[in-house]
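The values are calculated or read from the model by the stated rules, or taken from the named source; none is laboratory data. None of these values were measured; they are calculated from a predicted model. Note: ideal-geometry Cβ built from the backbone for every residue, glycine included; neighbour counts use all protein chains shown. For the accessible areas, the whole protein counts, side chains as well, though only heavy atoms, and no ligand, DNA or RNA atoms are used. Shrake-Rupley method; radii C 1.70, N 1.55, O 1.52, S 1.80 Å.
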Amino acid sequence: MSPYKNQVGQSIPKVDVREKVTGRAAYIADLSRPGMLHGAVLQSPYAHARIKGYDTSKALAVPGVRCVLTGADFTEHFMGAFIKDEGPIAIGKVRYVGEPVAVVAADDERTARRAARLIEVEYEELPAVLTPEEALAPGAPLVHEDLASYVKVFDAKFEGNAFSCTDLSEGDVDKAFAECDVVVEGTYETQAQYHLSLEPCGALAEVDANGRVHLWSANQSVFRVQANVCESLGLPMSKLHSMTPKVGAGFGNKMEAHIQPLVVALALKVQRPVKMILSREEDFEMVRARHPFKIRIRTGARKDGTLLAREVETLLDGGAYADDSPGVLGYSLLMARGPYTIPNTRCFGRVVYTNKMRFGAFRGFGNGQVAFAGEQQIDEIAHRLGIDPLEMRLRNAMRIEEPWFGGQQVNSNGLAECLEKVREKSGWGRRARPSRPGVKVGYGVAACAHISGLLATSAIVRMLEDGSFVLSTGATDIGQGSDTVLTQICADALKVTVDNVVCATPDTDGSPYNWGTTASRVTYTTGRAVAGAAEDVGRQIKEAAAKMLNCPVGDVELRDGGFIGVKGSNTTLPYAAVAGFTHWASGGPIVGSKSLIYDAPTIDPRRAVAIGLPFTRIGVFSFNALVVEVEIDEVTGKATVARAWSAVDVGKAINPRLVEGQIEGGIVQGLGFALTEEMVWDGGRLANPTLMDYKAPGAVDVPYEINSIIVEHPEPDGPFGAKGVGEISLVSVPAAVANAIFDAAGVRLHKLPMTPERVLTAMLGAD
Amino acid sequence: MILYDFDLERPNTLEEASALLRDKGADARVLAGGTDLLPNMRVEVVRPATVVSLGAITPRDPVRETDGTVRIDALTRLATLEGSDLIRAACPMLAEAAHRVAGNQIRQMGTLGGNLCQETRCLYYNQKHDYQFKAPCYKRGGEVCYPYPNNDRDTCWSVYMSDTAPALIALGAEVEIVGPGGTRRQPVEQLFTGSGLTPHALGAGEILSAVLVPPAEPRFGWGYHKSSRRGGLEFGMAVMAVGLTLDGDGATCRGARMVIGAVREKPIRLTATEQAMTGAKLDEAKIAELAAAAAKEINPLPHHGFTKSYIRDNIKIHMRRVLSEATARARGTGTAENGGHHD
């Protein structure tokens, strides 16, 4: 037997790798129940219209159709993470093209889809607002007339179609700008991006003989699914059992509800299992997408490069329902200062209802948009002052122990090391520019921070009769590998190898609460709970062993490989002996648990003023610096990222290979955001809801050389020092590419995506 | 998911297939690889009552006939073409064009005949119409054109996007067609009507059976480029194909075929620029002038979000590269492979 090695810090293969590579992993579309029906949805053809009536008779007459539900079948129960403004289906009026207005359950999917087309809905078209500016215009039609009466989970500031307005400031901004030697100002615009999980959304619900609902769905949180379904259907939570199959990625799109409430409503109505899987177009049109931002930003510095002041104003298109929008707005303002010492910062933002699909959480959560603007301005100031852009960032980087914007204490900060590492590895400033005719080459840098944390989580570790362990958390592994990482944390804390720990699948009946696989939080937040639960188990093992060995608890210790040892002696007991003793003789089976909530305050009222901010406790900080090498075709304007160097301070890499996977994945998704991806509306209609016309990068469009650099500044209360990595590497990509385009071609792009047309137009304008 | 019912026929020969097509009339469609027909059936651009599958018919490998003509069965998979030693040696432009189609999985299914017989495309009608569109467009039998609402010609302005057709026209290739009256041959360019409504000039019961590529003349050179946003899984923003021959001096152009695809209802031959080229010495300055003339001669339809001027500029830029490559190949001096350009 090879000697035991610590399980944390090793690139252990994913615990579910075999079932995935053999194709046997079951995703929502693979599931089936006896007697199962299939659901289909009818979508709204109008951006804004009153529903006058339904005629479902033709649909119900189709052989094989078992049930049709319309808005008339639902009472007004509303869900929403921040503002309860959304029912499971359009009730009374439709608010965007593509919104579900009716659902059908039938013997097979084809029959259901055919029948859905036969439902007749009488509409009275209403004037629509398709942009935030239209929505804010005096006398604009209201998307939600009842906004004032909706339940809100925070002290929301709202007016007209603007459903959340947030102010955040620190220092004396006006005075500071007056002291600046250089001030840059600009407006920036970012586009809607589609999440593009390879697996579209879907759900399967079954009602048992006791009237209890069992629900499987593509999700990022079985508990948020439970909460949303129960809120929007008026069910007690004890009546709903929410489970997860394997999930084919989630980037924020599967965190809050998609079609789960509709599927549950159908199953309750017909009392048979019902499954519904969205087509790619439907997934594009009715789930959610990244918020388009308009950003006005001003940054000022002294001649020596010291940043003094920043002012930011954002306007977000929120779409037809609030969803996570207030959070995205508030978080984007918290991130808008960037990871720098800027003592005077003032931010104001609004998010506005429009007659488009809802915009919501998406990897980066508003940070990538403000970084695109703010990180270009850091570069602009550096160039004006003749300071190297990377050096400029190092000079202004938040000092270790310096608080974040708003006043939150930061307990680990590897920003300077990230910047130094990418400078060294990329050969920044020392690299000879490869010159080829017709190609301009440039280098760009950007830096950012991102949180991991937010809200509650818990873990239970149980020792089985043979001394192995079951780990239960409510955290859905969405493909990123959290089951593996949590297993490593648990195994390491108990000094056993990962094959002695099994990570149970999340399930609201059997798993302890977890808010969700979101906010880069599972490794940090759930990892803390797992480490705490394992520690609890370790303590109980020692207590039992002490009883068995008839010695004080202080004399026994956990030893590598799953043994109890007596300090200062070779006497050992295998865990199996302890497990047998507790199961069959004394003490009872060992169960350890840990519950926690992230509760360090974000705002220090002595430093900062925050109004209408929905989050008051966000999380701990990871840091990132990114250098990209961009090639621009001089005649077509096409910008290609040839190489990238991304350093991320993750505290401690529990599984380095999975950390690298997250860094690479974030960069690739960030490149789509930066260069090619854009949801385009033609009036109220999404014009490109297909993977042919929506230009996500393919394998040949992304750099061969992505250098992932792991930096480890341990977070004091993180599990083994770890903090999050899920989102951060995406955030800096658009800004770094924009800065490299400037370096190569001398033009600044203010609008995403930076398509060849836009780069070329800017280059031609600059000549 | 295809929501309507249809009959499936699976004949054993092209002649049987032709007879079936003639019997079923306009409500029948041919299924070869299915990579164009099936998505179009799903979005209901076409709603055939009968699908005539050619799946039971096995194509022969491409062969060189005694006069040097390369004969390629229409059912030959695109992946077979790009990997065929014969095609790569005898007509490398066709191998290149086949390689540029979509992605590997699609090329494993898609056939050369199917690629030529593909429907025209448009950002509007190649999408499901369950609810987004209040009335059918011209192509779907209605009376509106969504991309060109002020379309005063009352017709469909969709774009024919085959990657192989421009190459075959530039190579002077012919198609063989099996029909009720037997077999006929015609130049590839005559396969197209130029109408977005009915892009192909095939009669009732007619099926493409083969493509015939003539042997290259001495001092022949080719250039090919497909502009697209991504490097793969794309239809072109513009496709450029040039075949030219040089005189014995290695500089003067004896004749040329210059074709632009993916910008109009059919591939467009730039005959004026071809004429201006013939007899000219193809130096760098002349090539730049010809590329500019080509961009001026073509009148692209703006499509899939690309503006007319951006398409024109792109053609001007890439046609220069294409002409340089063709000239170098004709001289036997350059084999600069056209790898990696995809913008």
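Rounded to the nearest 20 debye, the dipole magnitude of chain B is 700 debye, with +1 charges on Lys and Arg beta carbons, -1 on Asp and Glu beta carbons, and the Cα centre as origin. Remark: accessible area buried at the B-A interface is about 3200 Å², both chains counted, probe radius 1.4 Å. Scan around residue B:36 for amide H atoms under 5 Å from its own, H built in the peptide plane at 1.01 Å from N, and keep only partners 5 or more places away or cross-chain. It is none; the list stays empty. The length gained on full extension between residue A:55 and residue A:125, counted as 0.36 nm times the residue separation minus their Cα-Cα distance, comes to 23.4 nm. Rounded to the nearest whole angstrom, the semi-axes of the ellipsoid equivalent to chain A, taken from the Cα gyration tensor as √(5λ), stand at 40, 38, 23, largest first. Under 23 Å of direct C-alpha separation, and excluding same-chain neighbours fewer than eight residues apart, residue A:84 reaches these lysines: A:93, A:152, A:157, A:239, A:254, A:356. Here the calculated FRET efficiency for residue A:280 and residue A:137, from their Cβ-Cβ distance with R0 = 51 Å, stands at 0.90, rounded to the nearest 0.05. Mean separation of Cα pairs under 8 Å and 6 or more residues apart, divided by the residue count, gives the range A:272-353 a relative contact order of 30 percent. Mind listing which trypsin sites (Lys or Arg not before Pro) in the range A:71-148 are in a DSSP loop and have 16 or fewer other Cβ atoms within 10 Å? Here the trypsin sites (Lys or Arg not before Pro) that fit, given the DSSP loop and packing criteria, are A:117.
Full extension of the chain between residue B:217 and residue B:42 yields a length gain of 58.6 nm, computed as 0.36 nm times the residue separation minus the alpha carbon distance.
Between the helical axis of B:14-24 and the longest alpha-carbon principal axis of chain B there is an angle of about 50 degrees.
Ignoring lysines fewer than eight residues from residue B:296 along the same chain, the ones with Cα atoms less than 20 angstrom from its Cα are B:226, B:266, B:286, B:308, B:316. Which residues, if any, in the range A:684-705 lose at least 30 square angstrom of accessible heavy-atom surface (probe 1.4 Å) when the other protein chains sit next to their chain rather than the chain being alone? Checking the loss per residue gives A:685, A:687, A:692, A:693, A:695, A:700, A:701.
Using bins of 10 Å that start at zero, the share of Cα-Cα pairs per bin across chain B amounts to 6, 26, 34, 24, 10, 2, 0, in whole %. Contact with the other protein chains removes 50 Å² or more of accessible area, compared with the isolated chain and a 1.4 Å probe, from these residues of the range B:300-322: B:310, B:317.
Using the Cβ-Cβ distance between residue A:433 and residue A:609 with R0 = 30 Å, the FRET efficiency computed as 1/(1 + (r/R0)^6) comes to roughly 0.05. Taking every protein chain into account, the accessible area of the range A:637-767 amounts to 30 square angstrom per residue (probe 1.4 Å). Sparse packing (at most 15 other Cβ atoms within 10 Å of the Cβ) combined with a DSSP loop state is found for the following GluC sites (Glu not before Pro) in the range A:164-205: A:179.
Choose one of B:198, A:216, B:149: the residue whose Cα lies farthest towards the positive end of the charge dipole of the protein assembly as shown (beta-carbon charges +1 Lys, Arg; -1 Asp, Glu; about the Cα centre). It is B:198.
Normalised by the number of residues in the range A:503-644, the average gap of Cα pairs under 8 Å and 6 or more apart makes the relative contact order 16 percent.
Loop sites by DSSP among the trypsin sites (Lys or Arg not before Pro) of chain B, restricted to those with at most 13 other Cβ atoms within 10 angstrom, leave B:154-343 as the longest stretch without any of them. Here each label is just a point 7 Å from Cα along the line to Cβ, and for residue B:19 and residue A:464 those points are 6.7 nm apart.
The range A:622-648 and the range B:167-191 have Cα centres spaced 47 Å apart.
Per residue, the accessible area of the range B:220-331 comes to 34 Å², computed with a 1.4 Å probe over protein heavy atoms only. In the range A:30-58, burial by the other protein chains removes 30 Å² or more of accessible area from A:43, A:45, compared with the chain on its own (1.4 Å probe, ligands and nucleic acids ignored). The listed residues A:293, A:154, once ranked by accessible area (1.4 Å probe) with the largest placed first, stand as A:154, A:293. What the phi angles of the range A:315-322 give under the Karplus curve with 6.51, -1.76 and 1.60, with θ = phi - 60°, is a coupling list of 10, 10, 7, x, x, 7, 9, 5 Hz, glycine and proline written as x. Here the range B:220-331 is assigned +1 on the Cβ of each Lys and Arg and -1 on the Cβ of each Asp and Glu. Its dipole about the Cα centre then comes out at about 300 debye. Whole-Hz Karplus values for the range A:705-721 come out as 10, 10, 9, 8, 10, 8, 10, 10, 10, x, 7, x, 9, x, x, 6, x Hz, taken residue by residue from phi with 6.51 cos²θ - 1.76 cosθ + 1.60 and θ = phi - 60°; glycine and proline positions read x.
Among the chymotrypsin sites (Phe, Trp or Tyr not before Pro) in the range A:685-767, those placed in a DSSP loop whose Cβ has at most 11 other Cβ atoms within 10 Å are A:704. Under the rule of at least 5 residues apart or a separate chain, name every residue whose amide H is placed under 5 Å from the amide H of residue A:98. Amide H to amide H, under 5 Å and 5 or more residues apart or across chains, residue A:98 pairs with A:44, A:46. Rounded to the nearest Hz, the phi-derived 3J(HN,Hα) couplings of the range A:7-20 under the Karplus curve 6.51 cos²θ - 1.76 cosθ + 1.60 (θ = phi - 60°) are 7, 7, x, 9, 7, 5, x, 3, 5, 10, 5, 5, 5, 6, where x marks glycine and proline.
Note: relative contact order over the range A:479-552, using C-alpha pairs below 8 Å and six or more positions apart, is 36 percent. Nearest 0.05, what FRET efficiency do residue B:7 and residue B:61 give at R0 = 22 Å with Cβ-Cβ as r? According to the calculation, E is roughly 0.10. Think of a 1.4 Å ball rolled over the protein heavy atoms: the range A:1-112 then has 44 Å² of accessible area per residue. Surface composition of chain A: carbon and sulfur atoms hold 51% of the protein heavy-atom accessible area at a 1.4 Å probe. Modelled this way, with points 7 Å down the Cα-to-C-beta line, the labels at residue B:85 and residue A:148 are 8.3 nm from one another.
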